[in-house]
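Note sheet for the following structure.
Here, each number is a calculation from the coordinates, and none is a lab measurement. Since the structure is predicted, the reported quantities are computational estimates derived from the model, not experimental observations. Counting neighbours? That spans all protein chains shown, and the Cβs are built from the backbone with ideal geometry, glycine included.
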Amino acid sequence: MINVVLYKNGASVRLTDERWSHIVEEHNELAGLRYDVLETVAEPERILAGWSGEQLAVR
């Protein structure tokens, strides 16, 4: 399954099963929250700058 959402800047963000598995391996507290994560990317309350120039969607 691949889920796609639009980020605030209009970029398309894909979340594949492989990538989700990798995320949950490192952050098991997110297990079962895939759609919440996608919703946060699509409609964040805040967007923060990451250490490497990435944008972090936060709720």
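How big is the dipole moment of the chain about its Cα centre under a simple scheme where the beta carbon of each Lys and Arg is +1, that of each Asp and Glu is -1, and everything else is neutral? Debye, nearest 20, please.
The dipole of the chain has a size of about 240 debye.
To the nearest 10 degrees, how steep is helix 17-26 against the longest Cα principal axis of the chain, on a 0 to 90 scale? Rounded to the nearest ten degrees, it is 90. Between Ser12 and Thr40, residue separation times 0.36 nm minus the direct Cα-Cα distance comes to 8.7 nm. Look at (1) 117; (2) 92; (3) 56: the one that is volume of the Cα convex hull per residue in Å³ derived from this structure is (2). Once the GluC sites (Glu not before Pro) in DSSP loops with at most 13 neighbouring Cβ atoms within 10 Å are cut out of the chain, the longest remaining piece is 1-44.
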